[in-house]
1. Assuming T73 fulfils every condition listed in (1) touching a Pro at 6+ places or on another chain (Cβ under 9 Å); (2) assigned to a loop (DSSP other than H, G, I, E, B); (3) farther than 20 Å from L120 by Cα apart from one, which condition is it?
2. Looking at region 82-125, which of its residues are assigned to a loop (DSSP other than H, G, I, E, B) and touching a residue at least 40 places away in the same chain (Cβ under 8 Å)?
3. Could you count how many residues in region 50-66 are among the hydroxyl-bearing types (S, T, Y) and touching a residue at least 12 places away in the same chain (Cβ under 8 Å)?
4. Kindly indicate whether any position in region 49-63 is among the polar types (S, T, N, Q), in contact with a Lys or Arg (Cβ under 9 Å, 6 or more places away or on another chain) and at pLDDT below 95.
5. So for region 105-116 (the condition being modelled with pLDDT under 95 and in contact with an Asp or Glu (Cβ under 6 Å, 6 or more places away or on another chain)), does at least one residue qualify?
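The values are calculated or read from the model by the stated rules, or taken from the named source; none is laboratory data. Model, not experiment: these values are computed from the prediction. Note: ideal-geometry Cβ built from the backbone for every residue, glycine included; neighbour counts use all protein chains shown.
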Amino acid sequence: MPVAFTSEMAELIKDTVSAHIRSRNINESSKGQRVIPNAPSQWAILNDNIDPPDDGITAPTEGDVELLFRNSTSNALERSGRIKTLTHRYEGITLEVDTLVRVKHINGEWMLEAADCGPLGSPPS
């Protein structure tokens, strides 16, 4: 015999799905985008000078960074050849070429997590 779908059933399904999402440490924004709070960050070197944006929310600036990897033998950071576009949203920070930065890939963009105060004296070759 068919059972009628009730609002209580809908609420139970909603609660179950919400609990599953929370258990995986993944939240959804109001636009349906996945936000992963503990996305790993990576070392990178700036390939471009990047000026601060006039409005970091609506008009961020962009520039290229090259991801770095740690050489397991020498423990030195080395260039990987993997170029990514950094979306720069911080209005008070000017970034210079060859500056060591930490970047994170969140919601489809590479964002700045940390930056040195200026270019490295001896950037990785």
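1. Every listed condition holds for T73 apart from (1).
2. G92, I93, T94, E96, V97, D98, N107, G108, L120, P123, P124, S125
3. 1
4. No, region 49-63 has no match at all.
5. No, there is no match, as no residue in region 105-116 is modelled with pLDDT under 95 and in contact with an Asp or Glu (Cβ under 6 Å, 6 or more places away or on another chain).
Every residue, every condition in (1) buried (at least 17 other Cβ atoms within 10 Å of the Cβ); (2) in contact with a strand residue (DSSP E or B) (Cβ under 9 Å, 6 or more places away or on another chain), yes or no:
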| position | (1), (2) |
| --- | --- |
| I45 | yes, yes |
| I57 | no, no |
| T61 | yes, yes |
| R79 | no, yes |
| Y90 | no, yes |
| L95 | yes, yes |
| N107 | no, yes |
| A114 | no, yes |
| G121 | no, no |
